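Asker: Please find one structure pasted underneath; my questions will follow.
The values are calculated or read from the model by the stated rules, or taken from the named source; none is laboratory data. Bear in mind that the values here come from a model prediction, so they are computed numbers and not experimental data. Don't worry about glycine lacking a Cβ; one is built from the backbone with ideal geometry, like all the others, and counts go over all protein chains shown. Surface areas here come from the heavy atoms of the whole protein model, side chains and all, with no ligands, DNA or RNA. Shrake-Rupley method; radii C 1.70, N 1.55, O 1.52, S 1.80 Å.
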Amino acid sequence: MQQFVNTVLGGLTLGMVYAAFALALVLIWRSTRIVNFAQAPMAMVTTFIALQIIEGGHSYWLAFAAALVAGLVLGAVVERVLIRPVEGKAEINAVILTLGLFIVLHALASVVFGNRYRSFPAAFGIRGLEVGDTTIALTGFDIFTILAVLAVMGLLVLLFRFTDLGLRMRAAAFNQEVARLLGVRVGRMLTLGWALASLVGSLAGLLIAGGSLVHPGYMDAVVVYGFVAAVLGGLDSPAGAVVGGLLLGLSLSLVSGYVGSQLVALAALAILMAVLLLRPQGLFSQARERRV
């Protein structure tokens, strides 16, 4: 019974990590209609910036804030410099650019920060909570991760559903020409969408790194699982991204704990295929069919 509880709790925390990354993908999709495959190395770079600050003798929270600001700036720069020139052209152009950026950032990080594994501290304790004579697999940093992801999800829902800014971002993503006719500054909205998505991705990178070892490739697997979580919940739904991340994390944790860790990647692929076959728009998508 204790093994089952610990497996479920581990899956809950892992799912929240996937949910954080899925939220970044959902945010950039809702604001620009592009899937950013360079989100993982962008988050990795900002995490290493935070690590450099911590190793320089400064506080964890200063490094945490600096990483988020760096993510915000990095996202805006990428949109302005790389994505803006191909806007209005075939969408595959932007996707190919993000894949190229994935490779470039990996190479640059290896040169600047090195390839060795480095320890990244956690804001809170990483020892399991003690309930009576039993230690359960839920740490203080796990609780912080869960609360942080839920807070980000809530803020994104409020942004897109209840603010004029969110409405303008969605309008700019769905039809730029009409949005311009309505007075929306489309360029600014697209830049803001990339910046916010990069900020959320940076948060995901910090949550994944907390209390573990980091290197330039530590986020590579997360981009796959985060994408599966986003597709599972629906690329248009922040709440769906969180639920999708939780479902995926619990599923993969159970597979790893009771079947074998070598089958985790295969299980993720099976889940993705099942969703694409049975409900390709995702579990929480608002998309509806229309007669034309």
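Asker: When both residues are 6+ apart or on different chains and their Cβ atoms are under 9 Å apart, which pairs have a first residue that lies in region 126-148 and is closer than 18 Å to A204 by Cβ and open to solvent by less than 70 Å² (accessible area, probe 1.4 Å), and a second that is modelled with pLDDT under 65 and among the aromatic types (F, W, Y)?
Answerer: From residues that are closer than 18 Å to A204 by Cβ and open to solvent by less than 70 Å² (accessible area, probe 1.4 Å), there are no pairs.
Asker: G75 is checked against (1) closer than 25 Å to A171 by Cα; (2) surrounded by fewer than 17 Cβ atoms within 10 Å (Cβ to Cβ); (3) modelled with pLDDT of 90 or more and fails just one. What number does that condition carry?
Answerer: Status for G75: all satisfied but (2).
Asker: For region 208-238, how many residues meet the condition of being farther than 21 Å from A268 by Cα and either open to solvent by less than 10 Å² (accessible area, probe 1.4 Å) or touching a helix residue (DSSP H, G or I) at 6+ places or on another chain (Cβ under 7 Å) (or both)? Spell out the reasoning first.
Answerer: Quick first cut of region 208-238, residues farther than 21 Å from A268 by Cα only: 209-216.
Narrowing further to those that are either open to solvent by less than 10 Å² (accessible area, probe 1.4 Å) or touching a helix residue (DSSP H, G or I) at 6+ places or on another chain (Cβ under 7 Å) (or both): 209-211, 214, 216.
Count: 5.
Asker: Continuing with this model, one more query. Any residue that is open to solvent by less than 60 Å² (accessible area, probe 1.4 Å), among the hydrophobic types (A, V, I, L, M, F, W, C) and closer than 22 Å to Y218 by Cα - is there at least one of those in region 79-94?
Answerer: No - not one qualifying residue is present in region 79-94.
Asker: Inside region 95-116, can you point out the residues that are open to solvent by less than 60 Å² (accessible area, probe 1.4 Å), out of contact with any helix residue (DSSP H, G or I) (no Cβ under 7 Å at 6 or more places or on another chain) and in a helix (DSSP H, G or I)?
Answerer: V95, T98, G100, A107, S110
Asker: Which residues, counting only those in region 56-77, are more than 17 Å from the chain's Cα centre (by Cα) and touching a residue at least 60 places away in the same chain (Cβ under 8 Å)?
Answerer: Once the filter is applied, which keeps residues that are more than 17 Å from the chain's Cα centre (by Cα) and touching a residue at least 60 places away in the same chain (Cβ under 8 Å), region 56-77 yields Y60, W61.
Asker: Hey, could you check region 153-189 for residues that are within 28 Å of V242 (Cα to Cα), of a type in the set (G, A, S) and touching a residue at least 12 places away in the same chain (Cβ under 8 Å) and say which is surrounded by the fewest Cβ atoms within 10 Å (Cβ to Cβ)?
Answerer: Taking the candidates together, the pick is A171.
Asker: Could you tell me whether I49 is of a type in the set (V, I, T), in a helix (DSSP H, G or I), closer than 21 Å to S119 by Cα and open to solvent by 40 Å² or more (accessible area, probe 1.4 Å)? Explain how you work it out, then say what you get.
Answerer: Working: of a type in the set (V, I, T): yes; in a helix (DSSP H, G or I): yes; closer than 21 Å to S119 by Cα: yes; open to solvent by 40 Å² or more (accessible area, probe 1.4 Å): yes.
Yes: the conditions hold for I49.
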